[in-house]
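Take a look at the structure below.
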Amino acid sequence: MHVKKHNRQLTLSERREDFVKVGFLKSLLVHPEAGITIAVVILLIVFSVASPSFLTAYNIFNVARNVASYAFIAIAQALVIVGGGMNLSVGAIGGLAVVTTGYFIDVQGFSPAIAVIIALLVGLAAGAFNGVIITKIGINSFVATLATLFVFTGIVYGITKGYPYINIPKSFTIIGRKGIWGLPYLFWLMVVALGFIFYLFNFRRFGRWLLATGGSKEATRVSGVNVDRIILLSHVLSGLFAAIAGVLWVSRMGSAQPATGQDWLIISFAIAIIGGTALSGGSISALGLLMGSVIIVLIRNGLILLGVNIYFEQTYLGLIILLAVTVDRIRAFYYQRAGI
Amino acid sequence: MKKLSILLLTVVLTTVFVWVGFAAGQKNPAEYKIAWFAPIPHPYFDAVKKGIEAWEKDTGIEVKKVIGQEWTQKNENENVEALAALGYKAFSIYPADPTAANGLYEELVEHGIYVVNFGAKTTEPTPASFYVGTDIRQAALDAAEKLCELLGYRGNILNVLEIIEDVNTIVRDKAIKEVVAKYPDVHIIGEVADIKSVEEGMEKIQNALAAQIEEIDGVICTGFTITVAATIILSEFHETQEKYIRFVGIDDDPSVLKAIREGLIDTTVAQNPWGTGYISVEVCKRLLDGWTPKPDGYSVYAGHVFVTKRNIDTYFDELVNLTMDIGEGLENKNMNPPKE
């Protein structure tokens, strides 16, 4: 019972109930995000002590910006994983949005605001295309998005011939390069996006239905929910968030590089899953997505700050991820033993 | 009268022999079956293609130009095998994998087809007749020398390397260290590597800067992706910070040229992709005409120039002149003409 409860999304009332029943510290153990959060805190302490550069304003700004960039990519993936699917074309949709933004600003001379709207619409359309193939034609999401990964990447290269768009106005880079209260605008945008995810899955019927679809598609269908529409919408949202990530990369780079998005796939899965999004569907956490992003960025940042051997970098990265996941397993073990 | 007839006959026969001889030596342009293959659309390959188009214009010989769908040896094999089936007799190829490409080349050579590597060498011994492209080691030596000069032969360098499994990365790394070792007041104080995308490059370079922001005086990049990434980071850094970090990159991506023009970075090493394309197909033609490689003539180096704010509008002319000089020197350095 406890294990079952631990493995699924907790409702707000359940969280409140836990808190009242067992107290604050023990109630922390109930939450799947607690393990990853503890791991993040440990890493923060280790890197702060080991490197004097870690807590500098420049590095904090840098880390916060990278966390935000990863979080948007992870949200795009998590939104379909939670419904029991996957989106292999996340990076390709991001690349499409990058090129769309660059093309309409640089070649067509549109204002950045209009170019961004078009790019976001392209992301929505690409997500809808994925959703329609999956729900109407009945093709598995892995196969469907693998195919569209090639389609979208081909469009990107067909339009750009591999060349970047470089005439992006300086004003457009403000979001990607500047900040407020010591943290980048990207970070605050990420907070808003994660707030949206929290709200969607805790207070909106669509979010609960998507969770239910990920838990058991057939059971949800039998209860009268239009499962196909839910899956279609999750892909539309995934496309939108991938496009937002792409547009924000243009703002950060000050140019539209056609290769953007090519390495998003692994990272999108890694962060979503480390952050507690169940690969089998039915579970997602805004805090988990944040912590998943933080831990990946912290590890990469810390390894360079500590000057580890570049040829063993991936080994260290893998080992620390394993350590973080182990901390979560320890949390789950104590949670079960405590009999909460 | 008899003398006049003999004279006329001699003139006619001489003309016929000369004409027949000429016709036998010089093939009809349509008889040359030359193909060019690049793994993916990319500004570098596009520049190589332009060199080939210029050669086509100069010679009247058409070259079949094909660009692959993904940067893998498997994809390259499929494309090139299809072209070989169409009867192409000489190939100018960028090897997707420096070792695995030799397998493809062996099969082509067994069928009497000539192969010329462009842009990157295959692992030696190789069935390829020639390599046309940049002298990797020399370019890295020159880049490191230039950075030391910019630093006034005193300061700390961040060495940014691209893909660590690429043997060329090791060649570049050794060349940089060889130059730095000559100057006792120049030190490499940081290294980042294993970078496959601009996004990853931006994150790692910024992490490295954050780690040693006070100490780093210069940055050297010896790969396309990392140069673009470093350009974005340093442009942003120089717009917001007082410190100026010296920089030497490689390749002339439009975003890099823009930053040089705006004075945000110092210089980049422009390879000669135009000349690489032009010369590689000229070598293919000569092989089909019966020319043979000289014993030490395998590498045809296409040269490189530094691009600075001073020569940014004229450096391409320098590369074209360099190409013509290399073309004229082929007979002396690399190829033996066909035996009579």
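The values are calculated or read from the model by the stated rules, or taken from the named source; none is laboratory data. All values derive from a computational prediction rather than experimental measurement. Cβ atoms come from the backbone with ideal geometry, glycine included; neighbour counts cover every protein chain shown.
Residues to consider are A:Phe47, A:Phe104, A:Phe54; find the one that is surrounded by fewer than 24 Cβ atoms within 10 Å (Cβ to Cβ) and under 18 Å from A:Met253 (Cβ atoms). Show your work before the answer.
Details: A:Phe47 fails: under 18 Å from A:Met253 (Cβ atoms); A:Phe54 fails: under 18 Å from A:Met253 (Cβ atoms).
Result of the check over A:Phe47, A:Phe104, A:Phe54: A:Phe104.
Condition test on B:Thr268, is it over 19 Å from B:Gly51 (Cα atoms), at pLDDT 95 or above, within 14 Å of chain A (Cβ to nearest Cβ) and surrounded by 22 or more Cβ atoms within 10 Å (Cβ to Cβ)?
Values: over 19 Å from B:Gly51 (Cα atoms): yes; at pLDDT 95 or above: yes; within 14 Å of chain A (Cβ to nearest Cβ): no; surrounded by 22 or more Cβ atoms within 10 Å (Cβ to Cβ): yes.
When the stated conditions are applied, B:Thr268 does not pass them.
Can you tell me which residue in the stretch A:118-142 is farthest from A:Leu233 (Cα to Cα), limited to those that are in a helix (DSSP H, G or I) and over 21 Å from the mean Cα position of the chain (by Cα)?
Selected residue: A:Ile118.
Please go through (1) modelled with pLDDT under 95; (2) assigned to a helix (DSSP H, G or I) for B:Asp97 and return the number of the only condition it doesn't satisfy.
Failing condition for B:Asp97: (2).
Which condition number does B:Ile226 fail, the rest of (1) part of a helix (DSSP H, G or I); (2) more than 13 Å from every other protein chain (Cβ to nearest Cβ) being met?
Only one criterion is unmet by B:Ile226, namely (2).
From the list A:Leu186, A:Leu200, A:Leu210, which one is at pLDDT 90 or above, within 14 Å of chain B (Cβ to nearest Cβ) and part of a helix (DSSP H, G or I)? Break it down into steps so the answer makes sense when it comes.
Working: A:Leu200 fails: within 14 Å of chain B (Cβ to nearest Cβ); A:Leu210 fails: within 14 Å of chain B (Cβ to nearest Cβ).
Checking each option against the conditions leaves just A:Leu186.
Conditions first: (1) buried (at least 21 other Cβ atoms within 10 Å of the Cβ); (2) assigned by TED's automatic domain parsing to the domain that holds B:Tyr32. B:Cys148 passes all but one, so which condition is the exception?
It fails just one condition, (2).
Only residues that are among the aliphatic types (A, V, I, L, M) and at the interface with chain A (Cβ under 7 Å from one of its Cβ atoms): list them for the stretch B:198-223, please.
B:Val198, B:Ala208, B:Ala210, B:Ala211, B:Ile213
Given B:Ile170, B:Ile195, which one is buried (at least 22 other Cβ atoms within 10 Å of the Cβ) and either more than 7 Å from chain A (Cβ to nearest Cβ) or without any contact (Cβ under 8 Å) to a residue 40 or more places away in the chain (or both)?
Residue meeting the stated conditions: B:Ile195.
I'd like to verify a number: residues in the stretch A:295-309 that are within 14 Å of chain B (Cβ to nearest Cβ) and closer than 14 Å to A:Ile38 by Cβ, how many?
Result for the stretch A:295-309: 1.
Taking only the stretch B:200-217 into account, find how many residues are buried (at least 23 other Cβ atoms within 10 Å of the Cβ) and at pLDDT 90 or above.
So the count comes out to 9.
For (1) more than 14 Å from every other protein chain (Cβ to nearest Cβ); (2) over 26 Å from A:Leu149 (Cα atoms); (3) part of a loop (DSSP other than H, G, I, E, B); (4) in contact (Cβ under 8 Å) with a residue 60 or more places away in the chain, each residue gets a yes or a no:
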site	(1), (2), (3), (4)
A:Leu265	no, no, no, yes
A:Leu289	yes, no, no, yes
A:Gly292	yes, no, no, yes
A:Tyr311	no, yes, no, no
A:Ile321	yes, yes, no, no
A:Ile330	yes, yes, no, yes
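Going through the stretch B:151-167 one residue at a time, which ones are surrounded by fewer than 20 Cβ atoms within 10 Å (Cβ to Cβ) and either within 21 Å of the chain's Cα centre (by Cα) or at pLDDT below 90 (or both)?
Hits for the stretch B:151-167 are B:Ile163, B:Ile164, B:Glu165, B:Asp166, B:Val167.
Restricting attention to the stretch B:36-65, which residues are of a type in the set (A, V, I, L, M, F, W, C) and within 14 Å of chain A (Cβ to nearest Cβ)?
Answer for the stretch B:36-65, where residues must be of a type in the set (A, V, I, L, M, F, W, C) and within 14 Å of chain A (Cβ to nearest Cβ): B:Ala38, B:Ile40, B:Phe45, B:Ala47, B:Val48.
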